[in-house]
1. Identify all residues within the range A:131-140 that are in contact (Cβ under 8 Å) with a residue 12 or more places away in the chain and within 13 Å of chain B (Cβ to nearest Cβ); write none if there are none.
2. Has the range B:101-111 got any residue that is within 14 Å of chain A (Cβ to nearest Cβ), in a helix (DSSP H, G or I) and among the small types (Gly, Ala, Ser)?
3. Could you say which residue among A:Gly54, A:Gly13, A:Gly32 is part of a strand (DSSP E or B) and in contact with a Gly (Cβ under 9 Å, 6 or more places away or on another chain)?
4. Quick one: in the range B:31-79, of everything that is closer than 30 Å to B:Glu110 by Cα and without any contact (Cβ under 8 Å) to a residue 24 or more places away in the chain, which residue is surrounded by the most Cβ atoms within 10 Å (Cβ to Cβ)?
5. I need the full set of residues from the range C:120-149 which are at pLDDT 75 or above and closer than 17 Å to C:Asp69 by Cβ, in order please.
6. Collect the residues in the range A:10-50 that are within 13 Å of chain C (Cβ to nearest Cβ), under 15 Å from A:Asp159 (Cα atoms) and touching a residue at least 12 places away in the same chain (Cβ under 8 Å), keeping them in residue-number order.
7. Starting from residues that are modelled with pLDDT under 90 and either more than 7 Å from chain B (Cβ to nearest Cβ) or not in a helix (DSSP H, G or I) (or both), keep the ones in the range A:67-82 and report whichever is surrounded by the fewest Cβ atoms within 10 Å (Cβ to Cβ).
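The values are calculated or read from the model by the stated rules, or taken from the named source; none is laboratory data. The shown structure was predicted, so the numbers you read here are calculated from the model rather than taken from an experiment. Cβ sites come from the backbone with ideal geometry, for glycine too, and all protein chains shown count toward neighbours.
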Amino acid sequence: MDDSPLLRLRGVGKHFGRLAVLRGLDLDLCAGEIVGLIGANGAGKSTLLSIIAGLMPPSRGERTFAGSTGVGLAERARFAVVSHTAQTYPRLTAIENLQLFASLREKAGAHNEPLLPTLERLGLGYAARRQAGTFSRGMLQRLALARALLGRPEMLLLDEPFTALDRPGRTLLANVLAQERDRGAAILLISHDLEALVSVADRVLLLEGGVIAGEVPRAPEHASFGPRVRELAGRMPSVGTEAHA
Amino acid sequence: MSEALWGPGARAKTSLDMVALRQAWLLAVNDLRQEARDLELILTSTFFSLVVLIMLGMSFSALGVSSQPLAVPGMLWLSVAFVGALTLGRIFTREREFDTLRALLVAPVERVSIYLAKAFVTMVILLGCSLLTVLGLTLLFPAAQPFADRPLETFALVTMGCTAYAGVGTLFAAGLASSSGKNVLLSVILYPLTMPSLLFALVATRSLLEGHESFTTYLGQLTATNVLAFVVGAWLFEPVLVGVPQKRRGAARAARRRR
Amino acid sequence: MKNILPFAMLGVAALIFPTSVSTIFLETPIEQQMGTVQKIFYFHVPLAWIMMLLAVVCGVSAGIQLRRDSKRAEAVSIAAAELVLVTGLGVLITGPIWGHATWGKAWTWDARQVSTGLLWLVFAAYVLVRHYGAAGSERLAAGLAIFGAIDVPVIYYAVKIWKTTHPSNDVAGSLPASMWAALWPALIALLLTSLALLFIRVRQELTDVTLDEAWISLDDAGAAQPATGDA
């Protein structure tokens, strides 16, 4: 694979009527990096994710994934999305939930990881035969992540992945994401939780006013950015490194 | 099929259709399996059919035998229309509650498979309810006796009628579910659009009850409208649900790079 | 030039219309069986044709809208759907008046009546979805319009078959040539008026789109400044 970024957004804008949500946003996401994207409620994080995932065409600008602007079957087999809603079938067991998507992928000619080990990797091995409807929010979140990891995606998009997770859950998530990054996956994390983002991501970008307003520095003293970034950086705790341990 | 028209799935069309069909079958089986575990749709829809049936019985019990053949077809298909709107609304509300439709839309799943699977499940449930209604009408109204005398024809007729309803309804119910739309709009859209199919079904039912030769002709016409509804529904499903990518260049390049 | 076109069409229609009316009422013979009320035919039939035409225009432009993500096609589609409602209302009002005089009943469940009514309902649903639907429902509405346009012949055929199982009313037979001759000017006047209204409504929608875009680019410029200034 060449050096060009896996995901490239150029001048992406999205508006609903007169409400501009994204205003000409540029973003590069390369293989083997974790990029965090932080923004307040209504900053357009979910809209951006929908555009990247191909659920919504941008009003203007261009979205390129692996050299293609299309979001066909072949492209969708190469990335995965973990939404802030769990998106699992409550009447199916954990393993059945995975099995369904694995079979669907198989029919599309895509490869799958073995199911049970994937569940075990996320600490859900003990609950494999339980219906997802009985799961806690945190367990559902991990199940959704397991489903996303099934196809060893080249790009992994996560929307607010920390919200439902407890402390051990966050550590687990951070470890899994680091492993995926080291394997060569490009990972985009979207959240409003700066502390959690900084502890996991290689770089954290600020989404504000519908554009990438700047990069949140790794250490507060480097804050030669805008006032909003400085403000955020001021609130930032010392950078956690547990993810890379 | 819609993939071949709109998207960059640059593979041979035939293999693409097979993928779509296999995935559709998986999704349909998955839906039915879930339904078998909690029976929510089946029980609520059956109950609603019974309620409608009882309302019809009470409203029209005084109807003379001579005028019954004119009224019974209307009762059957009105009941299908009401139960169908309820079933469709419920199927997609369930998808929306757990946001599973979005998970399917970002997965490597042909969009048309989602359409076919949902239409199939709707059809199966609706068919069950309609057969119950037919049975009830046969017991309540003497003029509906031909339903029992010609079970094969009745079954074919009811199947075709329900298929028409499911074909049109699935497209719009899915569209409303994905755009966080309002369910009240479903009835607004559904009834005017399904009217032609219901009219064909109505005419066919009447000729069945009256023992006319023309029944098969009408059934054929109903089938033709079904085919039309399904082709248009499948064709429109992806553009209505997610829109089309603005540019298609780079698609072939990506397909070549991919193994 | 483009701005003048619809008004030129309205002007031409305004010239044709009085002559057409005078031809209809003063020069064309009064129909034997139906009497003076048959004059409504010269307005009813053109309106019905125009309604069908607009329904097809709406469906086709909705298809282009979906296929190309085209705002222009979307504007045409909206305008056409609204005019289907207006012309349809005309058809549905004039029809029963004529029917009342000839058949003694305003609404006879005639195939044409019912199919017109159904078509009107489909496009009323379109307008409702456009007004009350959430974001993204413009594509849903487009799907509805396409289905509606495809339904035009199916509805007509379905109702016709459905009708054959009812006792039917015989519609007045063939009309003399002089009556057809009076129909054309009326058709042209009404068609020009409808098309002019269509153009005006499309332009209105496009202006709306342009305004939205202007608003957005202004917003962009305003929002971009502090960001670039800081970085």
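1. Result: A:Gln131, A:Ala132, A:Gly133, A:Phe135, A:Arg137, A:Leu140.
2. There is at least one residue in the range B:101-111 that is within 14 Å of chain A (Cβ to nearest Cβ), in a helix (DSSP H, G or I) and among the small types (Gly, Ala, Ser).
3. When all the criteria are applied, what remains is A:Gly13.
4. B:Gln34
5. Passing the criteria: C:Arg130, C:Ser137, C:Glu138, C:Arg139, C:Leu140, C:Ala141, C:Ala142, C:Gly143, C:Ala145, C:Ile146.
6. A:Ala43, A:Gly44, A:Ser46, A:Thr47
7. That would be A:Gly67.
So that you can scan it fast, the table gives a plain yes or no per residue for (1) within 28 Å of C:Tyr132 (Cα to Cα); (2) crowded, with 18+ Cβ neighbours inside 10 Å; (3) touching a residue at least 40 places away in the same chain (Cβ under 8 Å); (4) within 14 Å of another protein chain (Cβ to nearest Cβ):
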position: B:Met123; (1), (2), (3), (4): no, yes, yes, no
position: B:Leu140; (1), (2), (3), (4): no, yes, yes, no
position: B:Leu171; (1), (2), (3), (4): yes, yes, yes, yes
position: B:Pro192; (1), (2), (3), (4): yes, yes, no, yes
